Amino acid sequence: MSVKYETVMGLEVHVQLDTNSKMFTRVGTGFGKPPNTLTDPVVLGLPGALPVMNRDAIEKSIKVGLLLGCKIADVCKWDRKNYFYPDMPKNYQISQFDQPICEGGEVEIELPGETPAVMGEHRTVMLTRIHLEEDVGKLTHYERDSLVDYNRAGSPLLEIVSEPDLFTPDEVFAYLTSLRNSLVSAGISPCDMEKGQLRCDANVSIRPVGTTTLGTKVELKNLNTISGVKQGVEYEIRRQTKALENGEEIFQETRRWNPDEKRTTSMRSKEMAHDYRYFPDPDLMPVKIDPEWIERVEKELPEKPFDKQRRYMADMNVPYTATSALCGDRPLCEFFEQTAKLTKDPVKVANWVVNDLLRELSQAKRESEEEDGVSVEDCPVSPESLAELINLIEEGVVSNNVAKELFPEMFSAGKSARELVKEKGLEMKSDGDEIESLCAKAIEDDPDAAEKFKGGKEGAINALKGSVMKATRGQANPKIVDEILRRLLSN
Amino acid sequence: MDSSSLISKTATELSGELEVGTCKAEEIAQAYLEQIDRVDGKVHAFLHRDDEDFLAQARASDERRAKGETLGALDGIPVCLKDVISVEGQPLTAASKILKDYVSPYDATVTRKLKEAGAVIGGRLNLDEFAMGSSTENSAYGPTRNPWNLECVPGGSSGGSSAAVAAREAPLTLGSDTGGSIRQPASLCGVVGMKPTYGMVSRYGLAAFASSLDQIGPFSQTVEDAALLLETISGHDPLDSTSYPSEVPSYSQILKENSQPCALGLPKEFFGEGMDDEVRAAVEKAIEFYKSKGYEIVDLSLPTTDLSVPVYYVIATAEASSNLARYDGIRYTTRSEHAENAVDVYAKSRGEGFGEEVKRRCILGAYGLSSGYYDAYYLRAQKTRTLIRQDFDRAFEKVDAILTPTSPTPAFKFGEKSEDPISMYLSDVYTISTNLAGLPGLSVPCGFTQSGLPIGLQLIGKAFGEGKLLSVAHDYDREHQFGRQAPNLED
């Protein structure tokens, strides 16, 4: 009988903190600037330059620790990780070795449900530690030369290390998605993997089912997208399983995921592992984190995405599918909540936000020439404006169909619903006399349908309604049309 | 005023002349340039001169004075810097081939403070490569000679700074002291040299040797001048996390007040074997002087003294191995022409660019930090460092300052110790523990040997007790003025 294997994985996630300046100097941070413009003597490691700690980087790290339920260190210190590589101007990276800023903690994840419309199972993934370090520069390799850009070097980077507590590629995917949603919604980082704001290494091992010791660990690098991470670990699990089934040995090594060839290749073995010669950085004092600081940060913590989702479902009756589209995006949630406050029906608002607003935003993003496109924060339609539109439907001023057509125009022209309705004369016609004469004309024009309806064929009334709506270019209030037609036909 | 009388003056005297208008800053600058022309061929204190810039600064000072906008006592006074302290637009070689073509794009904090005080910043002063050595024999650009005997070393590593003051090539200079690199050369050249408390003077812009030990400090003919220069460069610097946030008192003012005789400690470990007889005699004479002035002389013990040299060489080399990693041939440092691949660039650039002593210390330091050796060397050394500090704490419960010789011997001949690193290391045996404890220490000239070589007296004070320390030293210096004697450098 063949042995069955199970997978055990842990992730090391690097997140660039969204601070104004770099971790140890006043130079700004940013993506897409001309190479080597975000530099100064500290970033370039010039003789005599010294690091000075960025308070906001510490504060954001505390925030992450609190969000994820970690123990925040009373005192954390800085260590030098020594290695020669051109991405590090000093040839050492300032990091945290044995006293990380956060220890423990957990990430709540949601596994896929039976269908996308069904909520999946939730569980928590345990964290080992979170430490703060400086990011390194970016190397681009050419045939003969390599070029380095130090714009990224020295940006504050948080490394979130999970326990070996992930067992399937789906869990890995869910973990990264949940972590990203939490961090983005707390304003820690935009977590754009394409910009390197979130990067992930995966430790993958497999073992025979029923055993408790961990198998030999292989570290996967170059996992540049969330689905790339999933594909990479899927491949690696297959590779390791096959190797064990063939009686081969798994070597402790670092492997690189090649997204084009969809396979992993060996980068270096354990024997080639660096001795980083960690020691406390004598240029930096340890940082004492007093309880008042932690308390203050705790007060400013935003609601966690899953908590928000549960609240929307329980208190506002918003369906699961809409909440799952909303809750990963804090500005969108804020937009939703502000709009919902101004209307009577949060479910309708959720549907408008999730369907219409998101559609227009992504359309605008595609058409935008700017890198970041249009975000919900600078959306041309305000929550007040969307609420007005929804209330116009509610009040019977416009029909749902007209509203759906109006929304893209509100978005592109930046005009309010009421303005557009007025401008275009789109108010629903609720004038009884006018509609009554149109209804009478419809019956006259289509006696066949009228007879059928009178004869008990309920559906026949739709043809009559259709011609009234057509005559009013859709502006007749359907409720009133229905009432009048029925009255006229009952005579 | 003729130039030979100008260069014999102290900075305080020159400042007085400028104030009453008996000379101009440009004349002073000119007089020093002439003296450098006259004697530096023999002494070789300077690695680089920028006469035009030097004179332009002096003229700018004269213009300020003419408009009544003088910036203070140092306005118009030349100050020359050891070639590890950054000056914008000037070379910084650290006496190493690897920085042969490097020009600093920024000012060190001490440089900025000197400029703000109107000081006229002169040429770059020689040293042991990266401040590693006790004789300047390790300079890649040739040694500096002791102005009192050109066959002898000036001490080191700040040998250029001490020799320049002794040879009257500058009234004031700055050096750096990691294990005695200011006090030992001051002693060997017969001038005043002071290492402030760790954290008193910003290290920003000082090419680091050992970050937890390095301090910048002044050289001068008199204690009075040292006080003037020290108060100008001291104070908290937001660019150096290890600089101490304290108010800087006016040391010049303190020296004008009547001092109260206090208790001086004589640690028996500093008066044992290995001390030259003439050094012992001169120091004992100084002790007699203090007794005669009403000072209480207290015998005491610093039992960990013999551990200071080994502890120092573990800590200083460990930090140096990491601090010097940035000199790699990749960016601003000289790249080996023989490098054929990336690893070569590092290995050959550093192999060819660094001298023997620097390589020895980098290797020693990397070894002490290596996995498996860290606990036995680096960690143990740090613990012992705490014991050394505690020894001093206990001593300072009983006394206000500690009195010792600065160096066990007067200046030695070239080549005498350079083949034997251990004997060279032991020439710093009296100065090293001060750095390990972070305390202020100074060397004041206390006589000459029969053959005419200067002898130095070391005084060690309490942390941030520079005022008291200077005042004790001034009590002696005011009545002896050995630093005002100039060597004969005529043919």
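In the range B:393-491, counting only helices (runs of 4 or more DSSP H) that sit wholly within it, none holds 3 or more residues that are among the polar types (S, T, N, Q), in contact with a Leu (Cβ under 9 Å, 6 or more places away or on another chain) and surrounded by 19 or more Cβ atoms within 10 Å (Cβ to Cβ).
What about B:Pro245, is it at pLDDT 95 or above and either among the aromatic types (Phe, Trp, Tyr) or in a loop (DSSP other than H, G, I, E, B) (or both)?
When the stated conditions are applied, B:Pro245 does not pass them.
Selection over the range A:38-74 of residues that are crowded, with 22+ Cβ neighbours inside 10 Å, within 14 Å of another protein chain (Cβ to nearest Cβ) and among the polar types (S, T, N, Q) gives a count of 1.
Here's the yes/no breakdown for (1) crowded, with 24+ Cβ neighbours inside 10 Å; (2) under 15 Å from the mean Cα position of the chain (by Cα):
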site: B:Ala94; (1), (2): yes, yes
site: B:Thr109; (1), (2): yes, no
site: B:Met132; (1), (2): yes, yes
site: B:Gly142; (1), (2): no, no
site: B:Asn149; (1), (2): no, no
site: B:Ser158; (1), (2): yes, yes
site: B:Ser162; (1), (2): yes, yes
site: B:Leu174; (1), (2): yes, yes
site: B:Ala186; (1), (2): yes, yes
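Filtered by the rule that a residue be more than 21 Å from A:Met88 (Cβ to Cβ) and either touching a Gly at 6+ places or on another chain (Cβ under 9 Å) or among the β-branched types (Val, Ile, Thr) (or both), the range A:127-144 gives A:Leu127, A:Thr128, A:Arg129, A:Ile130.
Of all residues in the range A:356-364, one or more are surrounded by 19 or more Cβ atoms within 10 Å (Cβ to Cβ) and touching a helix residue (DSSP H, G or I) at 6+ places or on another chain (Cβ under 6 Å). Do we find that A:Thr128 is more than 14 Å from chain B (Cβ to nearest Cβ), among the polar types (S, T, N, Q) and in contact with a Ser or Thr (Cβ under 9 Å, 6 or more places away or on another chain) in this structure? Yes. Within the range A:459-491, the residues that satisfy the criterion of being more than 48 Å from the chain's Cα centre (by Cα) and surrounded by fewer than 17 Cβ atoms within 10 Å (Cβ to Cβ) are A:Arg486, A:Arg487, A:Leu488, A:Ser490, A:Asn491.
A Cβ distance below 7 Å, combined with a sequence gap of six or more or placement on separate chains, defines the contacts here; from the range A:83-112, residues that are under 17 Å from B:Ser321 (Cα atoms) and within 11 Å of chain B (Cβ to nearest Cβ) reach residues that are of a type in the set (Lys, Arg) and part of a loop (DSSP other than H, G, I, E, B) in the pairs A:Pro89/B:Arg331. Among the residues making up the range A:76-130, those that are in contact with a Cys (Cβ under 6 Å, 6 or more places away or on another chain) and closer than 30 Å to A:Ser324 by Cβ are A:Cys102, A:Gly104, A:Gly105, A:Ile130.
Scanning for something away from chain B (no Cβ under 14 Å) and either in contact with a strand residue (DSSP E or B) (Cβ under 9 Å, 6 or more places away or on another chain) or surrounded by fewer than 16 Cβ atoms within 10 Å (Cβ to Cβ) (or both), does the range A:282-289 turn up at least one residue? Yes. When B:Ser202 is tested against (1) more than 14 Å from every other protein chain (Cβ to nearest Cβ); (2) within 15 Å of B:Thr111 (Cβ to Cβ), only condition (1) is not met. The set of residues in the range A:173-191 that are of a type outside the set (Gly, Ala, Ser) and touching a helix residue (DSSP H, G or I) at 6+ places or on another chain (Cβ under 9 Å) comprises A:Phe173, A:Leu176, A:Thr177, A:Arg180, A:Asn181, A:Leu183, A:Val184, A:Ile188, A:Pro190, A:Cys191.
Against the list (1) surrounded by 24 or more Cβ atoms within 10 Å (Cβ to Cβ); (2) of a type outside the set (A, V, I, L, M); (3) in contact with a Phe, Trp or Tyr (Cβ under 8 Å, 6 or more places away or on another chain); (4) within 14 Å of chain A (Cβ to nearest Cβ), the condition B:Asp214 fails is (3). Taken over the range A:418-458, the criterion of being outside any helix (DSSP H, G or I), under 52 Å from the mean Cα position of the chain (by Cα) and modelled with pLDDT of 85 or more is satisfied by A:Lys457 alone. Identify all residues within the range A:198-244 that are without any contact (Cβ under 8 Å) to a residue 24 or more places away in the chain and at positive phi; write none if there are none. Across the range A:198-244, the qualifying residue is only A:Gly210. Among residues of the range B:217-247 being away from chain A (no Cβ under 14 Å) and over 18 Å from B:Thr12 (Cβ atoms), the one that is surrounded by the most Cβ atoms within 10 Å (Cβ to Cβ) is B:Gly235. You will find that of A:Glu114, A:Glu110, A:Glu103, the residue that is in contact with a helix residue (DSSP H, G or I) (Cβ under 8 Å, 6 or more places away or on another chain) and either under 15 Å from A:Trp293 (Cα atoms) or not polar (S, T, N, Q) (or both) is A:Glu110 and no other.
The values are calculated or read from the model by the stated rules, or taken from the named source; none is laboratory data. Worth saying up front: this structure is predicted, and the values here are computed from it rather than measured. Neighbour counts run over all protein chains shown; Cβ positions are idealised from the backbone, glycine included.
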